[in-house]
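The values are calculated or read from the model by the stated rules, or taken from the named source; none is laboratory data. Here the structure is a predicted model, which means the values were calculated and not measured. Cβ placement follows ideal geometry from the backbone for every residue including glycine, while neighbour counts extend to all protein chains displayed.
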């Protein structure tokens, strides 16, 4: 009510001033803080000090001062500016070129005092709207800030939780490391035993040259192996030892029924060495039971070591993932932390956009193909508020070279959501992203010019 | 806008960044060009049959006969008003009519009587009026020589290259066999009963040379490759009419400089073509065109100017088929040593340029413009094809374009950006993406859901919009435009009689037959506000792809055997774009009830296109060389009547670096059509995206354009009245100064402004040639005075745009630069009076409402002149009515001395003193606020 009153009073005063034409002309387009430069009534010193002109030449629609200061109320000076008082709304300067150009720029219509434009004084309405808007904004801000506080608290908890998780993981990793070392030690021991045993065994086996084996198989010592001799000396190992059938023996002899030494060396000897399902009877039986035990132990140790190693790697990966996540700048109060691991979607025309903060942005067309619009890059806001923008880079490559990238602009809102996506140039996307955590406790908005 | 996507992908993938020359024919690959070019200079087989001569008051006709094949031609010769000669050659009795280009001439050119000076068996001499100009027609062989006194100005067929492929029957057809048999029987009968009166000359020849007839027959039989069918890449041209080419040579004694025949990305001065292909005129959508070569581009104006220090002439070859122009010169090939040898040996061979025109079909219809001054040639050509359309003032302002502004929000943001950065503009443009699926005359239902709201928003700021309307129409039975065209059978037909379909932006598309007047009327009616939904008064039109571009057609254009009624596409090809723009401009005029001047930009054009709007140089690239070539390309267009020319500022393909972008704005601000444009795939480049310093540089360039709008508008008015180019080569104003003949890095706007833009990367200075021995030039920024006839080195910084005002001129400016030209309508003028050595100056002031056809009666046109220390304004059009609120706020006199007082005398007899300021160091006198109305009579006296 008080506001309204002071306004109408001022309007009245302004109207009264208009009657005293000359004086009003001189004052046109000047803000109150500049009025002191125009107080002298005989001459006028250009504000840049460049020139003195008679006072009649102020606002006489001819530019005398280089800085345009003699024509604050006309369009005469290329560099001039006109002050819209905009009572009831926000005062501001417009370039002199917008004075009397037929377009209403000042809501108080003061810029079109000599044109065909029919400007209504809309300051009061604008002010109302602005006030409503600002109030809405303030409500949003208040609400947003409260939510933000919660999110900060959650963020702190989350941060602690993550830290604890990290510690826990690190503990597990340490334990695993100890276990790992233990397993490695044991594996080494078993392997040594096995090696020692094998060394003995190899000595025996080492003597088994092709000739001695041939002799071993050649029961009748006629210098040639027969089917019967093979059936007698060789077995098939399959769960248990099986005798060779005649066909199998013939097959082993390469389809023949006799085999001399050179032929044996070129065929069956290799089979015996590589195919462990065919063995010489008695040799298996002859294997050292200690060796067998050691072998099994070594296998067991190796597999359990592998399991532990895998677990260790997994844990380390989790740790490094978590560390990486924790090295991201989540704001001074970790308020952006909760966005991590969330995703937000928006449909624009035929596309669905998906923003997973600190991870990636994708675009999916109704046709179905998904395209990366960039992976998390960095914060890229103003130096004053670096958290007002995120950049996602190195998305899918583009036709003209380079790759898709997305700039996400964060604004204050009461919920966290995508509000708009634009592609001003090919492959360069801009996403509006609203979230309470972007709310900044600012000083009151630059006030509406409601009182003098 | 862009050309062929398919090609684009192909080229892009292959990683090259230049035109794929293989997509376009060389002369060798174009069978008629190859055939004709194989014909070498020598004795012409053509003979004039003098006894067939008929001379009436308006024309001379006689028959020519080709002694090799006995085919007769009909020569028509006219003397046209305004010192022109028209030579028309057609078959005497063609099998079927041959195409004669309609609609390009603004009327049947008025003739003047020809008189016979003398005649004997060797030829005739005709007088071309009083100026000792004659035409000598020699009979055997046929040739024409145009003489002035004892000098030959131009000769036709002096090298014997007149060729006329007469229409014939295909030999393997039944009807041919019948006809030829009958003909030979008839011949024999004729021989037996021949009477001397029938054709004595021909008969004599036959008797004297009995071998002639059989030989001719043999010649007849010789079918060369490509006469009846021709294949290029995968496309076959069925050529049902067979060979039909025409060719003629012109010799220009004393000429070393020829210009014109746009559109080519080449030097202003045309080169000789002996060592390569001829210049080609065939409207084509050339993807990433290459510079400095004679390949065809989007438009074709078959007009060539020839110039030497004594005389300027022109040749207008009125033919719309594919055309090749060969240029040779007897001096071009000579080395310095050769020239010296000539000198030592006393060889007095005069320099000569020989030109040969070859067209695929139609007739020979040539207008020889005899000047003798450059301006005479302009007015001669203008009297044939008309002058530049007088555009609305807004179109002379700055245009902001991009493929594409994405949606209404985007448009609003860009519009607001101009206000925020205080840069004026008049038009914002929408490329193809604004449509609903490339269906022209529609809007994308999501992105441009409320076009009228958008247009109203622009209108509230006194700004306008251009939306694209291309001539290819999506084949889609749910599309009104397509259905109507189809139901009216307005589409061009393929050779088999069905609707021709080609591939373009929308996919499968039909091409309306714009050569039909009823089709054009219908098309024009589609621009009515109730037809073109979402359109408003401030929406104008852009016709792109009107070569026409057919992605899957031969050379990315239409098959030559497609049919326009009775005519083949071959006959009319170069006219298509001309007609599209004609119909569109007519539509914009009609929608306003004939009140508003239209603005239509076209990519393809032909002779006469100047009558319908503006052209631009197509899809250039963001490269320094492309910036440079914008000057000769627009100069060449201006010389042949198309003044409203510009290049995409910034370059269409690729992304300019900041320096190039700024330099391009600075250059574009001084070219007639000033529009920034960018390819879809390039990053945004609105003027404020390159840091505050560069924003300021671009702002300043655009503001310079706007301060000069009164001068620009006056130039457009002149171009509209006279046909003189706006942007003109220096030789047009200094025709006797050979130093100007090949200049193409600087130019004049009208007579009074000389511009030498900076087009070199990292330039520290430019050297400008200031012409005129007894002339002075004033730097428009510093007011420094320079003498003419010198090369002046000008150091430059990034803010420099070297521009000079001619001493002796008066240029009106409006220095209150506002949001748009329309915001500045009522603003006061500042007159810049630049004195010459005689301390005089002259200029003009032109004012009208800026947008309607009322200018024909309602305007202010005043002569401003300064002499004897008096500056006065005199009415040049006392019968015209117009009143303006604009007044004279300032008069700046360059090269002045200090007066003791200055008096203003207005027409009511009142005298008042005017305050002034004198800068002795630069000799600049500034008169403060004289205040008289711009439309009034007044005198300002310096005492």
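Regarding residue B:700, is this residue in contact (Cβ under 8 Å) with a residue 24 or more places away in the chain and either surrounded by 19 or more Cβ atoms within 10 Å (Cβ to Cβ) or part of a loop (DSSP other than H, G, I, E, B) (or both)? Give the derivation first.
On the way: in contact (Cβ under 8 Å) with a residue 24 or more places away in the chain: yes; either surrounded by 19 or more Cβ atoms within 10 Å (Cβ to Cβ) or part of a loop (DSSP other than H, G, I, E, B) (or both): no.
No.
Residue A:427 - would you say it is in contact with a strand residue (DSSP E or B) (Cβ under 8 Å, 6 or more places away or on another chain), buried (at least 19 other Cβ atoms within 10 Å of the Cβ) and within 13 Å of chain B (Cβ to nearest Cβ)? Explain how you work it out, then say what you get.
Numbers: in contact with a strand residue (DSSP E or B) (Cβ under 8 Å, 6 or more places away or on another chain): yes; buried (at least 19 other Cβ atoms within 10 Å of the Cβ): yes; within 13 Å of chain B (Cβ to nearest Cβ): yes.
Against the criterion (in contact with a strand residue (DSSP E or B) (Cβ under 8 Å, 6 or more places away or on another chain), buried (at least 19 other Cβ atoms within 10 Å of the Cβ) and within 13 Å of chain B (Cβ to nearest Cβ)), residue A:427 qualifies.
Residues that are under 18 Å from residue A:427 (Cβ atoms) and either touching a strand residue (DSSP E or B) at 6+ places or on another chain (Cβ under 8 Å) or more than 14 Å from chain B (Cβ to nearest Cβ) (or both), at least 3 per element: which strands (runs of 3 or more DSSP E) completely within region A:335-396 meet that? Reasoning before the result, please.
Numbers: elements: A:344-348, A:351-356, A:360-365, A:370-379, A:389-393.
Correct list: A:351-356, A:360-365, A:370-379, A:389-393.
Please go through region B:619-629 and give me each residue that is closer than 14 Å to residue B:746 by Cβ and touching a helix residue (DSSP H, G or I) at 6+ places or on another chain (Cβ under 7 Å), ordered by number.
The answer is B:627, and nothing else.
So, of the residues in region A:238-270 that are in a strand (DSSP E or B) and loosely packed, with under 15 Cβ neighbours inside 10 Å, which turns out to be nearest to the chain's Cα centre (by Cα)?
So the first thing to find is which residues in region A:238-270 are in a strand (DSSP E or B), and the list is A:238, A:240-243, A:258-259.
Applying the additional criterion that residues be loosely packed, with under 15 Cβ neighbours inside 10 Å yields A:238, A:240-243, A:258.
Values: A:238: 57, A:240: 60, A:241: 63, A:242: 64, A:243: 67, A:258: 74 Å.
In this case the residue turns out to be A:238.
Residues of region A:397-412 being surrounded by fewer than 14 Cβ atoms within 10 Å (Cβ to Cβ) and either in a strand (DSSP E or B) or away from every other protein chain (no Cβ under 14 Å) (or both), which ones?
A:397
Return the pairs, sorted by first residue and then second, in which the second residue is crowded, with 23+ Cβ neighbours inside 10 Å and modelled with pLDDT under 95, the first residue lies in region B:801-820 and is within 19 Å of residue B:842 (Cα to Cα) and assigned by the TED database to the domain that holds residue B:701, the beta carbons are less than 8 Å apart, and the residues are 6+ apart or on different chains.
none
Restricting attention to region B:470-480, and to residues there that are surrounded by fewer than 23 Cβ atoms within 10 Å (Cβ to Cβ) and touching a helix residue (DSSP H, G or I) at 6+ places or on another chain (Cβ under 9 Å), which single residue is nearest to residue B:430 (Cα to Cα)?
As a first pass, look at region B:470-480 and keep what is surrounded by fewer than 23 Cβ atoms within 10 Å (Cβ to Cβ): B:474-480.
From what's left, touching a helix residue (DSSP H, G or I) at 6+ places or on another chain (Cβ under 9 Å): B:474-477.
On the way: B:474: 19, B:475: 22, B:476: 23, B:477: 25 Å.
Per the stated criteria, the residue is B:474.
Before we move on, is residue B:739 crowded, with 24+ Cβ neighbours inside 10 Å and away from chain A (no Cβ under 14 Å)? Break it down stepwise before answering.
Numbers: crowded, with 24+ Cβ neighbours inside 10 Å: no; away from chain A (no Cβ under 14 Å): yes.
No.
If the requirement is being within 14 Å of another protein chain (Cβ to nearest Cβ) and touching a strand residue (DSSP E or B) at 6+ places or on another chain (Cβ under 8 Å), which of these qualifies: B:422, B:436, B:499? Explain how you work it out, then say what you get.
On the way: B:436 fails: touching a strand residue (DSSP E or B) at 6+ places or on another chain (Cβ under 8 Å); B:499 fails: within 14 Å of another protein chain (Cβ to nearest Cβ).
Every option except B:422 fails the conditions.
Let me confirm something: among B:834, B:880, which residue is in contact with a strand residue (DSSP E or B) (Cβ under 6 Å, 6 or more places away or on another chain) and more than 14 Å from chain A (Cβ to nearest Cβ)? It would help to see each step written out before you state the result.
Working: B:880 fails: in contact with a strand residue (DSSP E or B) (Cβ under 6 Å, 6 or more places away or on another chain).
When all the criteria are applied, what remains is B:834.
Considering only region A:71-96, state which residues are within 14 Å of chain B (Cβ to nearest Cβ) and either part of a strand (DSSP E or B) or in contact with a strand residue (DSSP E or B) (Cβ under 6 Å, 6 or more places away or on another chain) (or both).
Within region A:71-96, A:81, A:82, A:92, A:93, A:94, A:95, A:96 qualify.
Take the residues in region B:394-409 that are in a helix (DSSP H, G or I) and either buried (at least 24 other Cβ atoms within 10 Å of the Cβ) or in contact with a strand residue (DSSP E or B) (Cβ under 7 Å, 6 or more places away or on another chain) (or both), then tell me which one is nearest to the other protein chains (Cβ to nearest Cβ). I'd like the intermediate steps shown before the answer.
Within region B:394-409, the subset in a helix (DSSP H, G or I) is B:394-396, B:408-409.
This time we only want the ones that are either buried (at least 24 other Cβ atoms within 10 Å of the Cβ) or in contact with a strand residue (DSSP E or B) (Cβ under 7 Å, 6 or more places away or on another chain) (or both), so: B:394-396.
Working: B:394: 14, B:395: 19, B:396: 18 Å.
Checked region B:394-409; the qualifying residue nearest to the other protein chains (Cβ to nearest Cβ) is B:394.
Going by the conditions given, is residue B:895 in contact (Cβ under 8 Å) with a residue 12 or more places away in the chain and within 14 Å of chain A (Cβ to nearest Cβ)? Break it down stepwise before answering.
Values: in contact (Cβ under 8 Å) with a residue 12 or more places away in the chain: yes; within 14 Å of chain A (Cβ to nearest Cβ): no.
No: the conditions fail for residue B:895.
Every residue in region A:112-129 that is outside any loop (DSSP other than H, G, I, E, B) and either touching a strand residue (DSSP E or B) at 6+ places or on another chain (Cβ under 6 Å) or away from chain B (no Cβ under 12 Å) (or both), please. Spell out the reasoning first.
Restricting attention to region A:112-129, the residues satisfying the condition of being outside any loop (DSSP other than H, G, I, E, B) are A:112, A:123-129.
Selection gives A:123, A:124, A:125, A:126, A:127, A:128, A:129.
I'd like the full set of residues that are without any contact (Cβ under 8 Å) to a residue 60 or more places away in the chain, under 28 Å from the mean Cα position of the chain (by Cα) and assigned to a loop (DSSP other than H, G, I, E, B), limited to region B:747-782.
Selection gives B:750, B:751, B:756, B:771, B:772.
Kindly indicate whether any position in region A:387-404 is modelled with pLDDT of 95 or more and touching a helix residue (DSSP H, G or I) at 6+ places or on another chain (Cβ under 9 Å).
No; the residues of region A:387-404 include none that is modelled with pLDDT of 95 or more and touching a helix residue (DSSP H, G or I) at 6+ places or on another chain (Cβ under 9 Å).
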